[in-house]
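The values are calculated or read from the model by the stated rules, or taken from the named source; none is laboratory data. Everything numeric in this text was worked out from a predicted model, so none of it was measured. All Cβ positions, even for glycine, are placed from backbone atoms using ideal geometry, and neighbour counts span all protein chains on display. Areas reflect the complete protein model, heavy atoms only, side chains present, ligands, DNA and RNA absent. Shrake-Rupley method; radii C 1.70, N 1.55, O 1.52, S 1.80 Å.
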Amino acid sequence: MASGLKAARPELTVLMVGGDGDGFSIGGNHFIHACRRNLDLTYIVMDNQVYGMTKGQASPTTPPNWSGSRLTPHGTGLPGFNPAAIALAAGAGLIARGFSGDPGGLTELLVQGIEYPGFAFIHVLSPCVTYHPEQRAWKQTVHEQTGATTADPLLAAQRLQQGDQLATGMCSGRHPLPDPPHRLAEGRSPPTSWRLGFLSRIKIDSDPVKYCRRRYA
């Protein structure tokens, strides 16, 4: 990641944690517009390509030929949602993909997302071996992306559309967008970020970067 993307981390960081069902289907409109508005938060989505909490229905990221659900015994026939590409098209400043089976690499992505002073999207491949036992193979098939992190949205889009969506690392990183003109015109500073999501439900230090390094490294 280019050093120019680093910036002083605010005192408190907004962390939102979700899954592929609530993030890309039920809450898909919120996802797109949060990217567009460049809200100062880090959005972590754990993707197992299935509604695992409600008996294994197909989710937006489910492959079109997956026949593991009784609701879609012949597959969905629909192309799977490409979360990173959608985030890029919607205007997210920092986009990364990690793997739950690589806690060290995932830690670094979480830290960079937390430190980014704008909207950061961390797409986490998280196998569900209950409904997708074939995802055990991700341990062998997940791989690091080739090429350096780019701030060029056209190059990033080309990589994301042509890839197999199993490449991990920083997919796209841009300098933080300026504050919206209406905020500057009104003389208002950006709203203070606050901690949200799983960090608010457990007792840790006030430093989320230190927590991530200790918890996931």
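Report the equivalent ellipsoid semi-axes for the range 75-180 in whole Å, largest first, defined as the square roots of five times the eigenvalues of the gyration tensor built from alpha carbon atoms.
Semi-axes from the Cα gyration tensor: 24, 16, 13 Å.
How big is the charge dipole of the range 46-183 about its Cα centre, in debye rounded to the nearest 20, if each Lys and Arg gets +1 on its Cβ and each Asp and Glu gets -1 on its Cβ?
360
So, for the range 76-154, what is the accessible surface per residue at a probe of 1.4 Å, expressed in square angstrom?
Spelled out: the 1.4 Å probe surface of the range 76-154, per residue, equals 41 Å².
When the accessible area of the range 67-146 is computed with all protein chains present and a 1.4 Å probe, what percentage of it is carbon and sulfur?
That share works out to 57 percent.
Hey, could you get me the Stokes-Einstein D for the range 1-139, Kirkwood radius over alpha-carbon pairs, 20 °C and 1.002 mPa s, rounded to whole µm² s⁻¹?
Rounded to a whole number, D works out at 137 µm²/s.
So what J values fall out for the range 158-171 if you push phi through Karplus, 6.51 cos²θ - 1.76 cosθ + 1.60 with θ = phi - 60°, rounded to Hz, Gly and Pro as x?
Karplus values, whole Hz, x for Gly and Pro: 4, 4, 5, 7, 8, x, 8, 6, 10, 8, 9, x, 7, 7.
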